[in-house]
Structure formats: C-alpha cells, structure tokens
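The values are calculated or read from the model by the stated rules, or taken from the named source; none is laboratory data. The structure displayed is predicted, hence computed values, not measured ones. Cβ: placed from backbone, ideal geometry, glycine included. Neighbour counts: every protein chain shown.
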Amino acid sequence: MARDLEQYLRPEVKSTPFCPGCGHGILMNLILRAINDLGLDMEQMLFVSGIGCAAWIPSPHFNGDTLHTLHGRAIAFATGAKMFDPRLNVMVISGDGDLASIGGNHLIHGARRDTDLTVICANNQIYGMTGGQAAPTSPLGASTSTSEEGNIYAPFDLCKLVLAAGATYVARYSVTQPLSLVSSIKKAIQHKGFSFIEVLSPCPTQFGRRNRLETPARMLEILMESCVSMDEARELEGEDLEGKILTGEFRDG
Ligand SMILES: Cc1ncc(C[n+]2csc(CCOP(=O)(O)OP(=O)(O)O)c2C)c(N)n1
Ligand SMILES: [Mg+2]
C-alpha cells in the first residue's frame, strides 16, 4: 500500500526539489492517489505545468507525458494539446504566481471557454522558487521580498475569479484535508469542462520564515485551524470568521 504509487513515478528521479515542510509534495502524492483510485491509464494523461516550484510536481516526477512549459503559459499549451487530441485527459498543475499572475489571462479565458481541462493551482501565497516575491494571492500585510513592510494589495480569491469567468467545477481545499482533496481531484478529472481546484500549500522557506510562522509543522496546524467548510462558516459570525479560509466545492456542473 505504501509503495502503490511508485508505478507512477520515473524510477530515475531519486529526489524532489521541495523544501522540508513544503505542501507541494503532499499534493503530488494526492494527485497520484486520485489517478490510482480512478484506475486511469497514464498513456491517456498529459500533465502540463508552467514555471515555479509547483510546476515541478508533475515534471520530472510523473512517469507519463509531461509538458514543462513557459512561465504563465501552461493553460495555453494545455488548450492546444487538448484541441489536437480531445481523447487526452489533460491536467495542468502549477503555482499561484504562474496561473494567476503572469498566466492570469489564460486562466480567465480558459474558464470562460469552459475548456475541458483539470487545473490544479498549488497556492502557497508567494513566488516560492524565485525568492519570495509577492503574488496576487499574498495576503494583505504579508511580508515578502517585494513587500518587506507588508503587502498593500488585496489578494485575488481565485475560486471567485474562475467562477465569475465561467469555470464549471470549482473547489478549494488545503493539503491538510487529504481525503476531501483526493475526492475533489477525482471529480475534477471526470468533469467535462474547465475544472479548477485551488490547493492551499504551505511554503515554510519563503512565506513562513518571513511571516514568523515558527515551524513547518506550525504552518500546517495554522492551515488546519483556518480552513472551514461552508456549513461551519454559516455558524460563525464577526470576529470568529476572521482569518478563516472557506473550503469545499463552490460549483459542480
Ligand atoms: C517570463 C518570465 N518571467 C518571470 C520568470 C521568473 N519566475 C519563474 S517562476 C516565478 C514565480 C513562481 O511562483 P508560483 O507560480 O507561485 O510557484 P511556486 O514557486 O510558488 O510554487 C517567476 C516570477 C520566468 N521564468 N519567466
Ligand atoms: Mg506560489
């Protein structure tokens, strides 16, 4: 059981680029678990990523076709591949900076066209790979290498953004909610149309260190404490809602 996902990994790749405590490795595991649960044939899959730490999740690890493309252009490449061969199951896996900053235009138009892609956005609220610059998902007041005194811009709510643009499967979960996340990835893969999952993934090296979140384990605990379902959120009022992150499915079909 512990090694049942090894068949999906390239045997020649012996290590990952992820820092200790990074959530991207957990996400990698959960994506493969969803693929394994569905019994999908890797020959029918294509994984597309842009540039960034998150873009290393499929490539070079996954033992299948992976397209490691240009920064911000994963959805454009994925759209082309899907149009060329509609039988392909095309999954985009990339970061918040890649998909929502430089790639924001492709994101909204992919959603508007309801292109049949599964898009998994690993949101660590920062540009992790390039030195911790502020992303369009960095919280107000967050310390980053380009906002040492605190980010002055409000972040995007990525789920609201793609919902407004027309995406037909939209969900948000954190890597601390593995069972819900695996079931959501399975639904997203099976959904015909533009599926988008925002996955909250802690970055201890660039985000936690700058924002004094103590340890990687503490970052996971904070995520666990912050994530609430829609039902839980309805029971909360005023101050109790502050800092909470709404998780769940926002649209399914
Ligand atoms: C055209 C272009 N601009 C900028 C860069 C530098 N760059 C590479 S990855 C990245 C941000 C990555 O952030 P994110 O997508 O959030 O991934 P993370 O590393 O946080 O997982 C930037 C700015 C680039 N490679 N190409
Ligand atoms: Mg990021």
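Points worth noting:
- Those residues of region 204-253 which are farther than 18 Å from Cys19 by Cβ, assigned to a helix (DSSP H, G or I) and polar (S, T, N, Q), in sequence order: Ser226
- Residue selected from region 208-239 under the condition touching a strand residue (DSSP E or B) at 6+ places or on another chain (Cβ under 8 Å) and within 16 Å of ligand 1 (Cβ to nearest atom), by the criterion nearest to Ala111 (Cα to Cα): Leu223
- Within region 113-128, restricting attention to residues that are within 15 Å of the chain's Cα centre (by Cα) and assigned to a loop (DSSP other than H, G, I, E, B), the residue that is nearest to ligand 1 (Cβ to nearest atom) is Gly128.
- Any hit, region 130-144, residues being among the polar types (S, T, N, Q), more than 27 Å from Asn29 (Cα to Cα) and in a loop (DSSP other than H, G, I, E, B): yes
- Close pairs (6 angstrom Cβ cut-off, 6 or more residues apart or separate chains): at negative phi in region 46-59, at pLDDT below 95 and assigned to a loop (DSSP other than H, G, I, E, B) anywhere: Trp56/Pro17
- Meets criteria (over 22 Å from Ala100 (Cα atoms), in a helix (DSSP H, G or I) and modelled with pLDDT of 95 or more) for Val162: no
- If the condition is being touching a strand residue (DSSP E or B) at 6+ places or on another chain (Cβ under 6 Å), more than 10 Å from ligand 2 (Cβ to nearest atom) and among the small types (Gly, Ala, Ser), then region 99-146 contributes Ala134, Ser145.
- Selection status of Glu12, part of a helix (DSSP H, G or I) and either in contact with a strand residue (DSSP E or B) (Cβ under 8 Å, 6 or more places away or on another chain) or loosely packed, with under 13 Cβ neighbours inside 10 Å (or both): no
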